[in-house]
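The values are calculated or read from the model by the stated rules, or taken from the named source; none is laboratory data. All values reported here derive from a predicted model rather than from experimental measurement. Cβ placement follows ideal geometry from the backbone for every residue including glycine, while neighbour counts extend to all protein chains displayed.
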Amino acid sequence: MKHQTHPAPLEPTRTPRTERNERIEARAPLPLPASVRQSLSMSLAFLISALGTAGFHANASNASNARPSTIETSQPTWGKPKQTRPPPRAAGSNDPNLADPDDVEQQDGRARPSPSASWGGGESDPEQKKPTWDCKGGEWYADKTDAGANGGGARYVWSMPVDAERGKAYDVLIVLHPSGENARWVMNTHAGADQSAGMRFRPQDIVIGVDGLTATASNPEKRRFAVGPETIAAMRDVALQMTRTLPGRRFYLYASADAADFALAFAARFPALADGLVLYRVDRASEFGFKGTAPLVLMHGARDSLTSLARSLQARATFEEKGHTGVRLRVLPAFNDYPNPVRASECLDWIVSVQCETAREVLVRARSILTPKPQDEYGYQAPVWFSGAYESLGRITGRESVGKWKPATGISDEALAEATQFERAIDAHAAKHVEELRKLIGGRGSLLAMDGSPAAAWLWHAREDFRGVP
């Protein structure tokens, strides 16, 4: 009989995170505090051509194939996109604000975990396989956790980095889907990100899509991340299993709609389990906001008709009032409630850029943020997030305004020169916006009279996109 070999498991080395997770696991879940719950457009302003000399080269970031463009100083307009995005969800289907009468979690007024069904091996299901080094990078696989959801486990899909190397640690991104979807959501909506541009969603990370921890009685495939002490504890068990079985360097959460509120509540209860969060359309920050330092990006479409942009503005204010220093707001002009993987990846690049160690990786992420991306499949574009890149570059150039993040290591003369060139180009580009806005605004009286005008929209978005730039 031939000796049978088994695939090598993904066994990360013991780190301080391992010991921290063991302490977290020992904590008993506590009830969450109860409290009362509580359109603008800007065309893309491209980076000046001088940045092309700073090295917009192919790199390990998500925008490896995106091409830089030259500056356009014309006034942004209110114009509509070439093609409309998918319409907002119909009331009574996936709207998180409307309770489903046969929702299991609503039967006794309390959210309770519901085990996922087993993978059925259908056409839409990826190959069932546990994470091992023998899996092909960039391919999607399916598995089920041992813990969580009342002991029944939660289904998840996962993918290793495209160029995964055996024994190397990677950032792990756990994606939480909106209501009415399931673990396949990230695979079906984010897998390609923008295939026309040859880009892929987070090709350098381990990406995981987890089933919602509650379900409806009529259709167990429609999952939801309902907030409650038991579901939060179940998510803790799922996250801890991921940290034990995957070669993770840092662990991030990305969530949309009501799942964003769940991720926020989870991070408030177990802040040590997530190194950063990207939340699209958060609604309940008044309940779950907390003090902290981990980077957190609130992403919101300005034309969202389901959850007002005002919610994210209020959320930022709530975090600031509580003393959180790592929260940033990323407003997407003309975008609605439909999540955009390219913009989510930019937000993740910013989070990595303020946490990574070396100047080299800071520059890789800053280039990704500053590189203008092509239109998505619906004809949408967004302004470059200059303030995010500017803040990251301060870890190399040593600006005093960046005292909240540690200076990068390995700052060579070349890295310092490139970072400085980026900063100067951003400064010059911001000055061009100010110059054009002054022509429109004129004196104080004209500023007060242009409420609701395209110039007012331009001014508001420029303030957000250049926030922190002198």
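Structure data summary
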{"quantity": "Count of residues meeting criterion [part of a loop (DSSP other than H, G, I, E, B) and among the aliphatic types (A, V, I, L, M)] in region 322-335", "calculated": "1"}
{"quantity": "So S453, is it surrounded by fewer than 18 Cβ atoms within 10 Å (Cβ to Cβ), within 22 Å of P333 (Cβ to Cβ) and at pLDDT below 80", "calculated": "yes"}
{"quantity": "Filter result for S387 (under 14 Å from R360 (Cβ atoms), among the hydroxyl-bearing types (S, T, Y) and buried (at least 16 other Cβ atoms within 10 Å of the Cβ))", "calculated": "no"}
{"quantity": "Count - residues of region 236-260 that are part of a helix (DSSP H, G or I) and touching a strand residue (DSSP E or B) at 6+ places or on another chain (Cβ under 8 Å)", "calculated": "8"}
{"quantity": "Selection status of A215, assigned to a strand (DSSP E or B), modelled with pLDDT under 90 and not basic (K, R)", "calculated": "yes"}
{"quantity": "Residue, farthest from A315 (Cα to Cα), within region 209-242, restricted to residues that are among the β-branched types (V, I, T) and more than 19 Å from the chain's Cα centre (by Cα)", "calculated": "T216"}
{"quantity": "Qualifying positions in region 336-364 - in a loop (DSSP other than H, G, I, E, B), in contact with a Pro (Cβ under 9 Å, 6 or more places away or on another chain) and of a type outside the set (S, T, N, Q)", "calculated": "D337, Y338, P339, V354"}
{"quantity": "Of all residues in region 288-326 being among the polar types (S, T, N, Q) and touching a His at 6+ places or on another chain (Cβ under 8 Å), the one that is surrounded by the most Cβ atoms within 10 Å (Cβ to Cβ)", "calculated": "S312"}
{"quantity": "Options A259, A272, A285; residue that is surrounded by fewer than 19 Cβ atoms within 10 Å (Cβ to Cβ) and small (G, A, S)", "calculated": "A272"}
{"quantity": "Residue match in region 365-383 (condition: in contact with a Gly (Cβ under 8 Å, 6 or more places away or on another chain) and surrounded by fewer than 24 Cβ atoms within 10 Å (Cβ to Cβ))", "calculated": "no"}
{"quantity": "Lone unmet requirement of (1) under 25 Å from G326 (Cα atoms); (2) of a type outside the set (A, V, I, L, M, F, W, C); (3) modelled with pLDDT of 80 or more for H429", "calculated": "(1)"}
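Residues are listed down the side, and each one gets a yes or a no for (1) closer than 25 Å to A233 by Cα; (2) touching a Phe, Trp or Tyr at 6+ places or on another chain (Cβ under 7 Å); (3) in a helix (DSSP H, G or I):
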residue	(1), (2), (3)
A268	yes, yes, yes
D283	yes, no, no
S286	yes, no, yes
F290	yes, no, no
V297	yes, yes, no
T307	no, no, no
L313	no, no, yes
F319	yes, no, yes
